[in-house]
Amino acid sequence: MLYSKTAQYSIQSMLFIAANNMGQNILVRDVAKELGLPSSFLSKILQTLSRYGFLNSVKGPKGGFSLSEKGADSTIAELVAVVDGPMNFDMCLAGFSPCSEENACPFHHEWQRIREEIRTLVNSKAIVDLAEEMPVRYRTLIAGLMASEQRAKPAPAKKAATKKATAKKPAAKKAAAKKPAAKKSATKKPAAKKPAAKKPAAKKPAAKKSATGKKK
């Protein structure tokens with residue numbers, strides 16, 4: 001193994017605290033619950049990380065741990081070095097000793113390439129940058145805090161929306177009241193055309209009188 005179980009718990013807890021960092025202290029029991037780690041063992045690990053300046057520690061009812069500036073800027077290799085000492089990248093994957101170019105095990109050459117990639121990985125990114133890549137599953141504390149803040153804010157906004165909706169209803173009734181007026185104007189127009197149709201019938205007697213005058 002590249003590092004011990006203690007170093008593994010240190011990495012997990014540091015990334016979890018960094019991913020849920022909102023300026024508030026995080027309790028050991030919350031970290032242990034979300035990561036499934038033993039609380040008593042984790043408490044000792046976090047105290048060690050606090051002693052080396054990777055975490056801020058506050059005692060009391062509102063106490064807990066938060067990410068320090070040093071911890072945010074540290075790499076995984078620097079974190080492991082505090083717990084286990086410098087990471088051993090020269091170990092043989094199969095456990096042979098010695099394992100070298102002269103006495104190479106079947107994994108030696110491929111493992112040499114892989115361990116150089118691991119060395120670059122654990123030294124290239126700061127913990128705060130790695131925390132941004134943490135999945136939502138491990139952002140439960142920050143998600144819960146944001147949800148509680150959102151539940152507290154919408155109440156006034158909903159009341160304002162209800163008032164606006166009720167104010168618009170009378171306007172809709174006025175528009176409906178205009179429709180009967182349109183029907184009355186449509187009824188009056190056909191009634192005005194009927195008397196105009198009777199005028200051509202009055203011209204027929206005038207034609208008969210002119211014909212009688214010619215015979216005389």
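The values are calculated or read from the model by the stated rules, or taken from the named source; none is laboratory data. As the structure is a computational prediction, the values presented were derived from the model and not from experiment. Cβ: placed from backbone, ideal geometry, glycine included. Neighbour counts: every protein chain shown.
Of the residues making up the range 24-34, those that are without any contact (Cβ under 8 Å) to a residue 60 or more places away in the chain, within 22 Å of residue 130 (Cα to Cα) and out of contact with any Gly (no Cβ under 6 Å at 6 or more places or on another chain) are 28, 31, 32, 33. Which residues, taken from the range 112-135, are farther than 13 Å from residue 88 by Cα and in a helix (DSSP H, G or I)? 113, 114, 117, 120, 121, 123, 124, 127, 128, 129, 130, 131 - these are the residues of the range 112-135 that are farther than 13 Å from residue 88 by Cα and in a helix (DSSP H, G or I). Among the residues of the range 56-69, those that are touching a helix residue (DSSP H, G or I) at 6+ places or on another chain (Cβ under 9 Å), surrounded by fewer than 19 Cβ atoms within 10 Å (Cβ to Cβ) and not in a loop (DSSP other than H, G, I, E, B) comprise 56, 57. Every test in (1) under 12 Å from residue 13 (Cβ atoms); (2) of a type in the set (Ser, Thr, Tyr); (3) buried (at least 20 other Cβ atoms within 10 Å of the Cβ) is passed by residue 74 save one, and that test is (1).
Out of 43, 97, 4, one residue alone is surrounded by 14 or more Cβ atoms within 10 Å (Cβ to Cβ) and either at pLDDT 95 or above or more than 24 Å from residue 136 (Cβ to Cβ) (or both). It is 43.
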